[in-house]
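Take a look at the structure below.
The values are calculated or read from the model by the stated rules, or taken from the named source; none is laboratory data. Everything numeric in this text was worked out from a predicted model, so none of it was measured. Note that we place each Cβ from the backbone using ideal geometry, even for glycine, and neighbour counts take in every protein chain shown. The area values use the complete protein model at the heavy-atom level, side chains included, leaving out ligands, DNA and RNA. Shrake-Rupley method; radii C 1.70, N 1.55, O 1.52, S 1.80 Å.
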Amino acid sequence: MTESNSSENQDPILDVLVVGAGFSGMYLVQKLRSLGVSFRVLEQGSDIGGTWYWNRYPGARCDIPTIEYSYSFDPELEQSWDWQELMAAQPEILTYANHVADRYDLRRDIEFNTRVSAATFDESEACWRVETSSGDTCREYAARFFIMATGCLSVPNWPDIDGRNSYEGRVMHTGLWPHEKVDFTGQRVGIIGAGSSAVQSIPVIAETAEQLTIFQRTPVYTFPAGNQPLDDEFRGDIKSRYAEIRAAQRESFAGMALYGVMGRLQEVGTDKIGDCDEAERLQRLAKEGLTSLRRYADVGVDLAANEMACDLYRQYVRDVVDDQDTAQALMPRGYPIGCKRQVVDIGYYEAFNQDNVVLVDLRKEQIDSINKTGIATSAGQYDFDMLIYATGFDAMTGAINSVNIRGRDGEALKDHWHAGPKSYLGLQIAGFPNLFTVTGPGSPSVLSNMMVSIEQHCDWIASCIAHLNANGISTIEAEPQAQERWVEHVNQVASNTMLTTPSCNSWYLGANIPGKSRVFMPYVGGVGAYRDRCDAVARNGYEGFVLA
Ligand code: NA7
């Protein structure tokens with residue numbers, strides 16, 4: 001331990017303070033213990049798990065194979081866990097997180113039910129002064145290094161709809177779901193939103209609700225999840241080659257190695273949709289299903305080809321959904337496939353063939369207000385017993401900006417980011433010494449397998465702290481010019497991709513939050529190339545950072 005006292009009656013200055021006990025904060029406990037530094041992790045929830053602690057809505061599950069979405073830091077941990085499903089559901093992932101927390105006794109370094117409200121860099125002591133509250137108790141911590149491990153999708157978006165607080169039935173948000181089981185039997189349920197959370201939960205809620213009414217503003221492109229139960233033979237095969245899988249993940253573009261596993265997530269092929277005649281396209285759609293659309297080489301790069309795929313997609317919706325007015329309402333139009341994070345589903349369109357499921361097309365009627373009993377639209381009143389907001393998150397910057405962070409000269413991070421987030425490598429921000437962000441804006445983060453990116457960032461940050469300590473360096477800070485160059489590079493790589501097409505209103509661009517600057521936030525350069533870049537920066541004496 002290397003704690004030092006700032007004054008007689010103040011708490012010691014810790015080496016490191018971490019905010020968040022999701023998969024990033026949990027792994028940081030392991031890393032920081034191995035460095036032998038003093039640290040605490042502060043978590044506003046009552047237990048570990050982050051995303052999987054909060055997002056307990058029915059149907060919540062991983063959208064990539066969970067074997068890949070797991071820690072790689074300990075081969076014995078890999079052997080100790082048996083995934084039951086290819087794309088595990090939230091309860092299994094949370095059980096895995098608990099298994100990890102128990103196995104390494106992580107909780108003893110975490111303070112739960114503790115919210116961080118402000119953090120100010122104290123230039124005279126070169127430390128961060130961090131204000132927290134836990135119930136009625138407020139406490140200040142001081143730490144040399146301050147790490148925001150707060151996740152990319154952790155601040156729920158509550159849309160500002162007139163009368164929102166007047167509703168008298170039960171209100172839930174998918175991103176803040178209650179811990180106890182919610183029974184929908186005999187209930188009339190309303191749900192606002194048609195993104196990933198809605199798409200996952202609608203088929204499950206529809207199984208028991210008396211009536212489920214979906215308020216959809218923008219229809220999604222969603223692809224079959226291809227989830228399957230796993231057997232011992234499959235698990236045995238994976239367990240025998242974890243090292244090879246992890247190495248491939250780290251070098252890959254998206255942090256994933258198992259393309260084609262059990263027939264899902266096939267890599268993009270070489271055939272072009274533009275080279276196929278209509279009969280061929282339809283034949284392939286009939287044979288391979290919707291997944292065929294993602295395999296054409298030109299769909300992801302050429303808007304005209306993409307529009308051909310969109311036409312086929314709409315054809316598919318027309319075929320699956322019985323009621324043709326509902327089918328029309330569910331057809332996405334006016335933006336390309338692949339400009340938003342890919343949604344995957346289990347039985348989404350089929351759910352609309354049930355008598356108890358009603359779709360309200362907000363392109364035809366608008367929500368006027370929420371009132372005591374439900375929602376009033378321009379076409380009429382809809383009443384429910386429960387109202388669910390599946391309205392997403394203030395992504396990537398929401399959690400960081402929810403803390404009043406002030407760096408050198410008292411500059412507020414919110415002001416530094418007023419025109420969109422700026423960061424060097426998504427790890428550090430100029431003017432905010434010794435502050436690190438795990439999977440911050442400007443890093444592959446949400447465009448990658450988050451577990452791979454989380455481990456990479458935590459490893460890099462821990463090595464950086466070890467280097468500074470070993471060399472008696474007290475602060476590290478991104479150079480403004482290096483930051484500018486990186487931001488420019490991030491923008492340049494994202495330009496001319498589907499992700500930044502003007503017609504796309506994704507949360508990657510902050511377009512889901514009224515008033516948020518439209519800036520593409522994650523880094524599209526690929527996990528492998530990005531890792532190489534970060535490693536080279538460290539090897540070259542932390543190029544682009546000022547060490548003092
Ligand atoms: P998303 O993908 O941001 O979806 C939110 C949905 O809520 C989307 O359909 C929005 O419509 C809708 N929304 C938001 N505000 C309103 C208002 N005011 N009225 C009507 N509809 C509204 O969030 P999710 O939680 O589904 O998924 C987030 C990520 O979590 C996902 O990508 C996975 O990685 C896991 P809009 O499209 O803005 O018209």
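Against the definition (within 15 Å of the ligand (Cβ to nearest atom), open to solvent by 20 Å² or more (accessible area, probe 1.4 Å) and at pLDDT 95 or above), how does Val155 come out, yes or no? When the stated conditions are applied, Val155 passes them.
Rundown of residues vs (1) among the hydroxyl-bearing types (Ser, Thr, Tyr); (2) touching a residue at least 12 places away in the same chain (Cβ under 8 Å); (3) away from the ligand (no atom under 16 Å from the Cβ), yes/no style:
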residue	(1), (2), (3)
Gln44	no, yes, yes
Pro65	no, yes, no
Ser80	yes, yes, yes
Asn98	no, yes, yes
Thr120	yes, yes, yes
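Here Cys310 passes the criteria (1) open to solvent by 20 Å² or more (accessible area, probe 1.4 Å); (2) out of contact with any helix residue (DSSP H, G or I) (no Cβ under 8 Å at 6 or more places or on another chain) except the one numbered (1). I'd like to check something: does region 131-150 contain any residue that is within 16 Å of the ligand (Cβ to nearest atom) and open to solvent by 10 Å² or more (accessible area, probe 1.4 Å)? Yes, some residue in region 131-150 is within 16 Å of the ligand (Cβ to nearest atom) and open to solvent by 10 Å² or more (accessible area, probe 1.4 Å). Counted as qualifying within region 350-446 are the strands (runs of 3 or more DSSP E) with 1 or more residues that are open to solvent by 40 Å² or more (accessible area, probe 1.4 Å) and away from the ligand (no atom under 13 Å from the Cβ), namely 357-361, 380-383, 404-406. For region 297-313, the tally of residues that are farther than 16 Å from Thr222 by Cβ and β-branched (Val, Ile, Thr) stands at 1. Scanning region 100-127 for residues that are in contact with a helix residue (DSSP H, G or I) (Cβ under 8 Å, 6 or more places away or on another chain), outside any loop (DSSP other than H, G, I, E, B) and farther than 22 Å from Gly407 by Cα turns up Val100, Ala101, Arg103, Leu106, Arg107, Asp109, Ile110.
Criterion first (of a type in the set (Phe, Trp, Tyr) and in contact with a Lys or Arg (Cβ under 8 Å, 6 or more places away or on another chain)) does Phe384 satisfy it? Against the criterion (of a type in the set (Phe, Trp, Tyr) and in contact with a Lys or Arg (Cβ under 8 Å, 6 or more places away or on another chain)), Phe384 qualifies. The residue that is farthest from the ligand (Cβ to nearest atom), among those in region 324-342 that are farther than 16 Å from Asp311 by Cβ and either open to solvent by less than 10 Å² (accessible area, probe 1.4 Å) or small (Gly, Ala, Ser) (or both), is Ala329. Among the candidates Gly274, Gly334, Gly269, the residue that is on the phi > 0 side of the Ramachandran plot and of a type outside the set (Val, Ile, Thr) is uniquely Gly334. Candidates are the residues of region 183-217 that are away from the ligand (no atom under 16 Å from the Cβ) and of a type in the set (Val, Ile, Thr); the one that is nearest to Cys504 (Cα to Cα) is Thr208. Cβ separations smaller than 7 Å between residues 6+ apart or across chains give no pair from region 156-170 residues that are without any contact (Cβ under 8 Å) to a residue 60 or more places away in the chain to residues that are open to solvent by less than 90 Å² (accessible area, probe 1.4 Å) and not in a loop (DSSP other than H, G, I, E, B).
Of the residues in region 461-482, at least one is more than 18 Å from the chain's Cα centre (by Cα), within 30 Å of Trp52 (Cβ to Cβ) and open to solvent by 10 Å² or more (accessible area, probe 1.4 Å).
Cβ-Cβ distances below 6 Å connect the following pairs, each with a first residue in region 261-280 that is open to solvent by less than 90 Å² (accessible area, probe 1.4 Å), a second residue that is in a loop (DSSP other than H, G, I, E, B) and modelled with pLDDT under 80, and a separation of six or more residues or different chains: Leu265/Tyr259; Gln266/Gly260. The single condition among (1) closer than 20 Å to Asn113 by Cα; (2) more than 15 Å from the ligand (Cβ to nearest atom) that Ser166 does not satisfy is (1). Being touching a residue at least 60 places away in the same chain (Cβ under 8 Å) and either surrounded by fewer than 15 Cβ atoms within 10 Å (Cβ to Cβ) or in contact with a helix residue (DSSP H, G or I) (Cβ under 6 Å, 6 or more places away or on another chain) (or both) is a property that does not hold for Tyr542.
Glu233 satisfies every condition listed in (1) more than 12 Å from the ligand (Cβ to nearest atom); (2) at pLDDT 95 or above; (3) within 24 Å of the chain's Cα centre (by Cα) except (3).
Give the number of residues within region 474-532 that are part of a loop (DSSP other than H, G, I, E, B), free of Cβ contacts under 8 Å to residues at least 60 places away in the same chain and within 16 Å of the ligand (Cβ to nearest atom). Residues in region 474-532 being part of a loop (DSSP other than H, G, I, E, B), free of Cβ contacts under 8 Å to residues at least 60 places away in the same chain and within 16 Å of the ligand (Cβ to nearest atom): 4 in total.
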